[in-house]
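One structure is given below, encoded as structure tokens.
The values are calculated or read from the model by the stated rules, or taken from the named source; none is laboratory data. All of these numbers come straight from a predicted model, not from anything done at the bench. Note that each Cβ is placed from the backbone with ideal geometry, even for glycine, and that neighbours are counted across all protein chains shown. The accessibility values were calculated without ligands, DNA or RNA, using every heavy atom of the protein model including side chains. Shrake-Rupley method; radii C 1.70, N 1.55, O 1.52, S 1.80 Å.
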Amino acid sequence: MKIFDFISFSKKYDYLSVFLFILIFWFIILITSGSLFSGYHFTDDHEIAHINYNLTVQKLGIFEVSSQWIHNDLLTGRFRPFYYIHRILETRLLGVNFVWWSLYTGMLAVLTTFFLFIFGKLIRFSISEALLFSFLTTLGSQSAVWWQLGPAETIGTFLLAVALVFAAAQITGRDTALPCPYILSTWNKVYKSLYETLFIFFVLIMSLSKESFILMIPAIALIKVWMSRHLKSLSWQQSLKKNSLSISILGVFFIVEILLVKFYIGLTPEIGYAGVEGFSLSKTITATQNLSQAGYWWIILASFIGMRLTIKPPYSQSLPQILNVLYFPIILLLLVAVPQILLYAKSGIAQRYILPGILGYAFLIISLYNYLNKTYQFAAKLILFLIMISLSFNLIVAWDAAHTFAREGISTNALLRTIEARNKVNDQILIVSNPHLSYEWSLSIKKYLNYVSNRNNLYFHSYVNKNNFFLKKVESFYDYQTLDKIKNTVDVQCVVLFPGQKNIFLRNSSWFLTDKFKEYEFGNFNRNLNKNTKIYLYCKK
């Protein structure tokens with residue numbers, strides 16, 4: 001009897017049931033993988049420590065800190081103003097409590113998936129179709145944005161999902177199926193204007209999160225027009241007229257931001273792997289393959305084969321119906337994917353770069369499945385089977401990546417705790433790294449030890465060419481406190497050897513007496529480097 005009661009409850013409260021399912025799903029991954037409690041990571045998280053120092057020690061206001069970080073970001077050739085505003089507000093609220101940061105980011109995973117589900121429901125996908133659409137978009141190697149604390153795609157994808165919901169809510173009006181019906185119980189022009197305003201607002205701040213989301217604006221505008229046609233049975237001309245105001249505003253945003261990036265900021269940022277440098281056919285093909293692989297191209301192919309089987313003579317009668325189903329999802333896919341492919345042709349498309357481009361693939365797959373489910377159920381069941389197999393595989397990929405990330409975090413924090421435990425505030429600490437290979441990590445450990453651990457007597461050493469660009473930047477960041485500035489090396493309390501530096505350091509440091517130091521080994525630094533990469537710490541006995 002209890003089982004039947006639960007089924008009845010689930011049917012009555014569809015949205016609540018789905019939300020709880022999504023909540024449990026994501027937090028099972030985050031908790032069992034260990035990523036929720038993995039703490040500080042050398043990649044990206046140093047910004048949190050730095051911003052917290054600005055706010056708490058330097059006593060700068062949110063506006064001043066935001067201005068500084070946005071300005072510095074622009075100087076490096078990037079355009080992510082809202083990303084930094086959001087990051088600074090997070091830091092103001094959460095400080096350097098990385099468990100709370102992970103909880104917050106996990107909730108963004110839940111809400112993004114849920115809002116994509118709501119959007120699917122509002123455009124008349126079934127519950128299962130809307131749920132599949134949301135997970136096809138968020139689950140896979142791109143899921144890394146839900147446990148890593150640095151990617152701009154985390155907040156950008158969330159804002160994209162929210163914008164789509166408000167776009168659909170504005171069009172559906174009184175007959176919408178939002179989880180909170182009372183919101184629309186007094187539907188009128190005021191609510192319509194409110195949802196339109198919120199839609200435009202969320203698209204704007206989405207586009208200010210990262211350059212890749214600027215390229216989503218035309219696709220979002222097309223979705224808005226298509227929804228008017230699809231949900232209100234209007235012609236394309238009527239739909240364009242109905243949405244002319246929002247399209248015009250989004251068009252202005254898009255043109256201004258594109259011109260700003262191209263002519264003021266530039267297309268080749270300081271980070272060498274990113275940016276746009278002309279057109280390369282080979283790189284474009286590779287990026288297309290990467291995104292299509294993540295976008296389940298084999299399911300799309302199988303769906304087309306299944307759809308072909310539905311065509312029966314005379315073809316002239318079946319073809320228009322199929323084209324009516326296909327043309328918009330295919331156009332949307334091209335409008336979403338092609339700009340992302342061109343943008344990321346230089347760097348390649350993997351993990352976070354899959355977002356937001358995968359949205360077009362997910363929409364096409366569910367549109368094909370929706371059609372087959374109405375016309376050829378055997379093929380639809382086959383496609384559903386392929387979708388479930390793919391999502392199961394992606395679940396394994398996502399969990400494994402989260403676990404690898406967690407192990408790295410555990411080792412990172414064990415290293416930092418050991419440094420704190422084995423030296424006093426003013427003891428000398430020597431950091432040895434190859435800044436060309438470990439540039440960000442070389443800065444990150446200094447920021448954490450300075451801003452969080454209050455260890456300020458740090459020195460840096462490297463064995464790369466003195467003219468190396470990255471070496472000069474790291475030495476500048478360390479205020480040129482290098483090994484040769486240490487008056488008496490016997491005073492060095494701890495030595496941190498980043499990956500690949502142990503042998504070369506021991507071979508070239510006659511002053512370093514190994515019998516005077518205790519060695520600590522920290523492994524699992526293999527998320528972005530070679531397998532079993534290790535960091536070694538030597539501290540005075």
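Is it the case that E196 is within 28 Å of Y439 (Cβ to Cβ), buried (at least 19 other Cβ atoms within 10 Å of the Cβ) and out of contact with any Cys (no Cβ under 9 Å at 6 or more places or on another chain)?
no
Only one of these is within 30 Å of Y361 (Cα to Cα), open to solvent by 40 Å² or more (accessible area, probe 1.4 Å) and without any contact (Cβ under 8 Å) to a residue 12 or more places away in the chain: L103, L20. Name it.
Exactly one of L103, L20 is within 30 Å of Y361 (Cα to Cα), open to solvent by 40 Å² or more (accessible area, probe 1.4 Å) and without any contact (Cβ under 8 Å) to a residue 12 or more places away in the chain, namely L20.
If I go through the range 475-514 residue by residue, how many of them are open to solvent by less than 30 Å² (accessible area, probe 1.4 Å), over 17 Å from K540 (Cβ atoms) and of a type outside the set (A, V, I, L, M, F, W, C)?
Adding up the residues that qualify gives 4.
For (1) at pLDDT 95 or above; (2) on the phi < 0 side of the Ramachandran plot; (3) charged (D, E, K, R); (4) out of contact with any helix residue (DSSP H, G or I) (no Cβ under 7 Å at 6 or more places or on another chain), each residue gets a yes or a no:
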| position | (1), (2), (3), (4) |
| --- | --- |
| I322 | no, yes, no, no |
| Y327 | no, yes, no, yes |
| V338 | yes, yes, no, yes |
| K346 | no, yes, yes, no |
| I365 | yes, yes, no, no |
| Y369 | yes, yes, no, no |
| L372 | no, yes, no, no |
| Y376 | no, yes, no, no |
| F385 | yes, yes, no, yes |
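Filter the range 209-225 for residues that are surrounded by fewer than 19 Cβ atoms within 10 Å (Cβ to Cβ) and of a type in the set (A, V, I, L, M, F, W, C) and give the result.
L222
Given the conditions (1) free of Cβ contacts under 8 Å to residues at least 60 places away in the same chain; (2) open to solvent by 30 Å² or more (accessible area, probe 1.4 Å), report the number of the one that V165 does not fulfil.
It is condition (2) that V165 fails.
If you go through the range 370-422 one residue at a time, how many are more than 25 Å from the chain's Cα centre (by Cα), within 28 Å of D44 (Cα to Cα) and free of Cβ contacts under 8 Å to residues at least 24 places away in the same chain?
First, pick out the residues of the range 370-422 that are more than 25 Å from the chain's Cα centre (by Cα): 370-386, 414-422.
Those left that are additionally within 28 Å of D44 (Cα to Cα): 414-422.
With the extra rule that they be free of Cβ contacts under 8 Å to residues at least 24 places away in the same chain, the set shrinks to 417, 421.
Final tally of qualifying residues: 2.
Quick check on S444: is it surrounded by fewer than 17 Cβ atoms within 10 Å (Cβ to Cβ), part of a helix (DSSP H, G or I) and of a type in the set (G, A, S)?
On the way: surrounded by fewer than 17 Cβ atoms within 10 Å (Cβ to Cβ): no; part of a helix (DSSP H, G or I): yes; of a type in the set (G, A, S): yes.
It is false that S444 is surrounded by fewer than 17 Cβ atoms within 10 Å (Cβ to Cβ), part of a helix (DSSP H, G or I) and of a type in the set (G, A, S).
What's the number of the condition E64 fails, among (1) open to solvent by 40 Å² or more (accessible area, probe 1.4 Å); (2) of a type in the set (D, E); (3) under 14 Å from W147 (Cα atoms)?
(3)
Of the numbered conditions (1) over 30 Å from F378 (Cβ atoms); (2) free of Cβ contacts under 8 Å to residues at least 12 places away in the same chain, I265 fails exactly one; give the number of that condition.
If we test I265 against (1) over 30 Å from F378 (Cβ atoms); (2) free of Cβ contacts under 8 Å to residues at least 12 places away in the same chain, just (2) comes out false.
Only one residue in V495, V490 is in contact with a Phe, Trp or Tyr (Cβ under 6 Å, 6 or more places away or on another chain) and either touching a residue at least 60 places away in the same chain (Cβ under 8 Å) or more than 26 Å from H403 (Cα to Cα) (or both), so which one is that?
Only one candidate passes the filter, namely V495.
Taking L93 as the residue in question, decide whether it is of a type outside the set (D, E, K, R), at pLDDT 95 or above, within 21 Å of V452 (Cβ to Cβ) and outside any helix (DSSP H, G or I).
Numbers: of a type outside the set (D, E, K, R): yes; at pLDDT 95 or above: yes; within 21 Å of V452 (Cβ to Cβ): yes; outside any helix (DSSP H, G or I): no.
Criteria not met by L93.
Does the range 294-326 hold any residues that are buried (at least 20 other Cβ atoms within 10 Å of the Cβ) and not aliphatic (A, V, I, L, M), and which are they?
G295, Y296, S303, G306
Among residues belonging to the range 67-83 that are assigned to a loop (DSSP other than H, G, I, E, B) and either touching a His at 6+ places or on another chain (Cβ under 9 Å) or of a type in the set (D, E, K, R) (or both), point out the one that is surrounded by the fewest Cβ atoms within 10 Å (Cβ to Cβ).
Ranking the candidates gives R80 first.
Quick check: anything in the range 175-190 open to solvent by 30 Å² or more (accessible area, probe 1.4 Å), at pLDDT 95 or above and either assigned to a helix (DSSP H, G or I) or charged (D, E, K, R) (or both)?
Scanning the range 175-190, I find no residue that is open to solvent by 30 Å² or more (accessible area, probe 1.4 Å), at pLDDT 95 or above and either assigned to a helix (DSSP H, G or I) or charged (D, E, K, R) (or both), so the answer is no.
Within the range 327-354, can you find the residues that are surrounded by fewer than 21 Cβ atoms within 10 Å (Cβ to Cβ) and within 15 Å of L267 (Cβ to Cβ)?
P339, L342, K346, S347, listed by residue number.
Among the residues of the range 39-52, are any in contact with a helix residue (DSSP H, G or I) (Cβ under 8 Å, 6 or more places away or on another chain) and open to solvent by 50 Å² or more (accessible area, probe 1.4 Å)?
No, the range 39-52 contains no residue that is in contact with a helix residue (DSSP H, G or I) (Cβ under 8 Å, 6 or more places away or on another chain) and open to solvent by 50 Å² or more (accessible area, probe 1.4 Å).
Got at least one residue in the range 390-410 being open to solvent by less than 20 Å² (accessible area, probe 1.4 Å), β-branched (V, I, T) and either over 19 Å from F37 (Cα atoms) or assigned to a helix (DSSP H, G or I) (or both)?
Within the range 390-410 (the criterion being open to solvent by less than 20 Å² (accessible area, probe 1.4 Å), β-branched (V, I, T) and either over 19 Å from F37 (Cα atoms) or assigned to a helix (DSSP H, G or I) (or both)), the answer is no, since none of the residues qualifies.
Condition test on V425, is it outside any helix (DSSP H, G or I) and touching a Ser or Thr at 6+ places or on another chain (Cβ under 9 Å)?
For V425, the condition - outside any helix (DSSP H, G or I) and touching a Ser or Thr at 6+ places or on another chain (Cβ under 9 Å) - is met.
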